[in-house]
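See structure below.
The values are calculated or read from the model by the stated rules, or taken from the named source; none is laboratory data. Computed from a prediction, not measured in an experiment: that's the story for all the values here. Counting neighbours? That spans all protein chains shown, and the Cβs are built from the backbone with ideal geometry, glycine included. SASA here: full protein model, heavy atoms, side chains in, ligands and nucleic acids out. Shrake-Rupley method; radii C 1.70, N 1.55, O 1.52, S 1.80 Å.
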Amino acid sequence: MPTSGSSTPGSPADSSDRPAGTADELVCAIHQPNLLPRLSTLAKIYAADVWVVLDDVQHTRRDYQHRARLGALHHDATRWLSMPTHLPNGRATLIRDARLAEPALTRRRMEGILHEQYRTSPFWPAFAEQLRPLLDLFDTTDRTADITEASTLLLLDLLGWRGRVVRSSNLPARAGRTQRLVDLCRAVGADTYVCGTGGLRYVAPTRFADAGIDLRCFVVPDTGVWVGARTLSAVHSLLVRGVEAVAEAATGHTRRVRLGGAFPS
């Protein structure tokens, strides 16, 4: 399991000791800040030593940047937990510039919906207490990205991740989808970039190879802890199976990344 300096909600940790993994490899994940992210996204970041928070790209309303899909404990129904978000520059608004439309109301809705969905879980009392700092953050910021980044770090902290967090807006990177990713990896000193199947559809692998960066595919299976991992917030697995079971599964996949293996589809 990666171990390192800090993952403080709402603020990047721009320096730390190299996490314990392999002595000669630094693994990087690059992903937008998502609200209580899906388990597949969380596991990808967990497998990395450095998470580059991609906050200087366009906010997408149909993505998971301001919403999460929650599962139910005892049936297959799902529901969305969304944060009403104002885009000052319309569709061109960058993630870092998006603003919460109603922070106080959104806080109450988030707390209420999560309680309604998971209050009968034996893991709910502990999770509700751990959720408190995230809810309190609504009182100090109206930046959607602050909340979504903090929500991801909350879940990573529960799993014991101790990696380094850096925002892309603080790093030099050129334009172009693949070139930006390569430059961000170089900026944090990464040897390996771990990429989901969605990202693999548009990156040019030769660019990574030319830069001396190993490109690895990250895919989670569809059984056990991972049921619904590609569509449901990781909160669902944590409240159904518990932190220990999810952390054990994530750690096993991290070992495979360290060994250079792709995950089975």
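Assorted remarks:
- Per-residue surface analysis assigns V57 an accessible area of about 30 Å², computed on protein heavy atoms at 1.4 Å probe radius.
- Percent accessible area from carbon and sulfur atoms, segment 197-246, protein chains only, probe 1.4 Å: 51 percent
- Shape of segment 123-265, Cα gyration tensor, a/c cut at 1.5: oblate
- Net charge of neighbours whose Cβ lies under 11 Å from the Cβ of E116, counting Lys and Arg as +1 and Asp and Glu as -1: +2
- Computed helical MRE - 222 nm, the chain, DSSP H runs ≥ 4 contributing -39500 (n - 2.57), nearest 500: -11500 deg cm²/dmol
- Less than 5 angstrom separates the built amide H of F218 from those of C195, G196, T197, all sequence-distant by 5 or more or on a different chain.
- Neighbourhood net charge (12 Å Cβ-Cβ; Lys/Arg +1, Asp/Glu -1) for G90: +1
- Sulfur and carbon atoms: percent of accessible area, segment 98-179 [1.4 Å]: 50 percent
- Solvent exposure of the chain as accessible area per residue, Å², 1.4 Å probe: 44 Å²
- Karplus-derived HN-Hα couplings along segment 218-229 (A = 6.51, B = -1.76, C = 1.60, θ = phi - 60°), whole Hz, x at Gly and Pro: 10, 9, 9, x, 10, 10, x, 4, 8, 4, x, 5
- Peptide ranges 75-85, 153-163 listed from the most packed, as the mean C-beta count within 10 angstrom indicates: 153-163, 75-85
- Measuring between their Cα centroids, segment 119-146 and segment 212-243 lie 21 Å from each other.
- Built amide H within the under 5 Å cut-off of R61, gap 5+: none
- Here mean projected area of the Cα convex hull in nm² was computed from the coordinates, and among [x] 14.4; [y] 13.1; [z] 21.8 the match is [y].
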